[in-house]
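Working notes, structure below.
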Amino acid sequence: MGNIRNAIVGLGRIGSLLEDDKLREKPCTHAGAVDLNSDCLLAAGCDLNKKKRELFKNRWKCTSVYENIGRMLQETSPDILHIATPPETHLEIVKTAVKHNVPLSICEKPLAHNLREAEQIAGIHSSGKMTILTNHERRYSRDYIRTKSIIEKKTFGDLLSINSKLYMEPEAKLKSTLLHDGTHLVDIVNYLLSSKLEKKSVFGSLETKTGTAFIFCRLKSLPVTIEIGTGRDHLLFELDLSFSSGRIRIGNGLYEEYASDKSPYYENINSLRKTNISGFNSTGYFSNMLIDAVKCFKNRARVPVSSAIDGYEAISFILSAI
Ligand SMILES: NC(=O)c1ccc[n+]([C@@H]2O[C@H](COP(=O)([O-])OP(=O)(O)OC[C@H]3O[C@@H](n4cnc5c(N)ncnc54)[C@H](O)[C@@H]3O)[C@@H](O)[C@H]2O)c1
């Protein structure tokens, strides 16, 4: 246990509860990440819901729980505030944190529920009043970091296209899935190429609660597609990167590399062969995010790997597509 004081507002799934999902890589919540970080101390938690406060208190042996965020900040003066409430509450909580001189916040995705509020949050980060990370945690995940390095080093030659698929909520409108889960997808594509995705056209309707739509995009000169669908009884988050001499498939529970090699099926032609590199038992996604936050807390000039500006860019793309 360290001496950097962390407080969490929103003690629901991503704040705390998902840590007890036996199948997930740990840590996978804000409370879990704080608990495992030797620089940090879980100082307090806040939730409007009494039952969530009780669960949190018992689960993490943290007796400082509050119903009101202002009171929590006043009485516990955290160094890092984790904002794990719904997106429509983020701006108000960020403003309250600034009022109480919190130096650093980690804000859940999507950064806000509309562009105007996302812009205000990014503006507060840029002003230096409070450093704000967006929890687009794939930026901290070893498999995506490896993929970015392969793109930059041209290990498989030039990256020529990215096709992605996102099937999340079986009964939600596609535009809702795009905002709530597509924010991760758009952000990770921006991260991989250190650039900003631009929408070209949409095939299908994002207003529907059934079926599939395709968003055709460009990133620098790279063609990118996003297939977004409902009606499936399973989750899928997957990117398929095609290189001049290879391929990477990466997504939730998925990591595969393929290299170009003499074809076992045809003479004088190459095929793709799966390499020995596959799967990551531990990606470190949540713990690495908190390590970055701690570094930013210790060095206020440091630029977070996933900042509020990155969070704003993802929302900006999504709203342009809707
Ligand atoms: N990074 C990820 O992979 C990931 C995963 C799940 C959720 N999320 C994001 O995290 C946020 C929360 O999602 P969740 O699934 O944990 O929701 P949840 O409903 O399980 O938890 C949210 C909690 O916030 C509390 N709350 C709401 N307004 C509050 C306020 N003003 N003050 C104090 N407490 C308040 C609610 O009572 C609830 O307990 C959302 O923005 C969501 O998109 C991110």
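Ile291 passes every criterion in (1) assigned by TED's automatic domain parsing to the domain that holds Ser126; (2) more than 23 Å from the chain's Cα centre (by Cα); (3) not small (Gly, Ala, Ser) apart from (2).
Filtering segment 272-311 to residues that are free of Cβ contacts under 8 Å to residues at least 12 places away in the same chain and crowded, with 18+ Cβ neighbours inside 10 Å leaves nothing. Within segment 177-211, the set of residues being hydroxyl-bearing (Ser, Thr, Tyr) and surrounded by fewer than 17 Cβ atoms within 10 Å (Cβ to Cβ) comprises Ser194, Ser195, Ser201, Ser205, Thr208, Thr210.
Checking each residue in segment 66-83 for being in contact with a Gly (Cβ under 9 Å, 6 or more places away or on another chain) and either touching a residue at least 40 places away in the same chain (Cβ under 8 Å) or assigned to a helix (DSSP H, G or I) (or both) picks out Met72, His82, Ile83.
Scanning segment 258-268 for residues that are closer than 26 Å to Leu239 by Cα and open to solvent by 90 Å² or more (accessible area, probe 1.4 Å) gives a single hit, Lys262. Condition (residue is in a loop (DSSP other than H, G, I, E, B), under 18 Å from Leu73 (Cα atoms) and within 15 Å of the ligand (Cβ to nearest atom)) applied to segment 30-38: is it met by at least one residue? Within segment 30-38 (the criterion being in a loop (DSSP other than H, G, I, E, B), under 18 Å from Leu73 (Cα atoms) and within 15 Å of the ligand (Cβ to nearest atom)), the answer is no, since none of the residues qualifies. Of all positions in segment 232-249, at least one carries a residue that is closer than 21 Å to Lys175 by Cβ, in contact (Cβ under 8 Å) with a residue 60 or more places away in the chain, in a strand (DSSP E or B) and among the acidic types (Asp, Glu).
Table: residues versus (1) within 30 Å of Asp292 (Cα to Cα); (2) outside the structural domain of Glu88 (by TED's automatic domain parsing); (3) assigned to a loop (DSSP other than H, G, I, E, B).
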| position | (1), (2), (3) |
| --- | --- |
| Arg146 | yes, yes, no |
| Glu152 | yes, yes, no |
| Glu171 | no, yes, yes |
| His184 | yes, yes, no |
| Ile188 | yes, yes, no |
| Lys200 | no, yes, no |
| Arg218 | yes, yes, no |
| Ile226 | yes, yes, no |
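Is it the case, given these coordinates, that Ile93 is surrounded by 15 or more Cβ atoms within 10 Å (Cβ to Cβ), at pLDDT 95 or above, near the ligand (Cβ under 9 Å from one of its atoms) and under 30 Å from Asp310 (Cα atoms)? Before you say what the answer is, go through the steps one by one.
Values: surrounded by 15 or more Cβ atoms within 10 Å (Cβ to Cβ): yes; at pLDDT 95 or above: yes; near the ligand (Cβ under 9 Å from one of its atoms): yes; under 30 Å from Asp310 (Cα atoms): yes.
For Ile93, the condition - surrounded by 15 or more Cβ atoms within 10 Å (Cβ to Cβ), at pLDDT 95 or above, near the ligand (Cβ under 9 Å from one of its atoms) and under 30 Å from Asp310 (Cα atoms) - is met.
Taken over segment 148-175, the criterion of being open to solvent by 40 Å² or more (accessible area, probe 1.4 Å) and either closer than 19 Å to Asn252 by Cβ or of a type in the set (Phe, Trp, Tyr) (or both) is satisfied by Asn163, Lys165, Glu169, Pro170.
Taking Thr85, is it open to solvent by less than 70 Å² (accessible area, probe 1.4 Å), near the ligand (Cβ under 8 Å from one of its atoms), closer than 30 Å to Asp143 by Cα and of a type in the set (Val, Ile, Thr)?
Working: open to solvent by less than 70 Å² (accessible area, probe 1.4 Å): yes; near the ligand (Cβ under 8 Å from one of its atoms): yes; closer than 30 Å to Asp143 by Cα: yes; of a type in the set (Val, Ile, Thr): yes.
Against the criterion (open to solvent by less than 70 Å² (accessible area, probe 1.4 Å), near the ligand (Cβ under 8 Å from one of its atoms), closer than 30 Å to Asp143 by Cα and of a type in the set (Val, Ile, Thr)), Thr85 qualifies.
Out of all the residues in segment 108-115, is one or more open to solvent by 10 Å² or more (accessible area, probe 1.4 Å), within 14 Å of the ligand (Cβ to nearest atom) and farther than 20 Å from Asp187 by Cα? No, the conditions are met nowhere in segment 108-115.
Determine, yes or no, whether His125 is closer than 24 Å to His30 by Cα and open to solvent by 20 Å² or more (accessible area, probe 1.4 Å). Explain how you work it out, then say what you get.
On the way: closer than 24 Å to His30 by Cα: yes; open to solvent by 20 Å² or more (accessible area, probe 1.4 Å): yes.
For His125, the condition - closer than 24 Å to His30 by Cα and open to solvent by 20 Å² or more (accessible area, probe 1.4 Å) - is met.
Across segment 52-66, the qualifying residues are those that are under 27 Å from the mean Cα position of the chain (by Cα) and open to solvent by 70 Å² or more (accessible area, probe 1.4 Å), and the one among them that is farthest from the ligand (Cβ to nearest atom) is Arg59.
The values are calculated or read from the model by the stated rules, or taken from the named source; none is laboratory data. Quick caveat, the model's predicted, so the values are computed rather than measured. Glycine also receives a Cβ, built like all others from the backbone with ideal geometry; neighbour counts cover every protein chain displayed. Heads up: the accessible areas ignore ligands, DNA and RNA and are worked out on the full protein's heavy atoms, side chains in. Shrake-Rupley method; radii C 1.70, N 1.55, O 1.52, S 1.80 Å.
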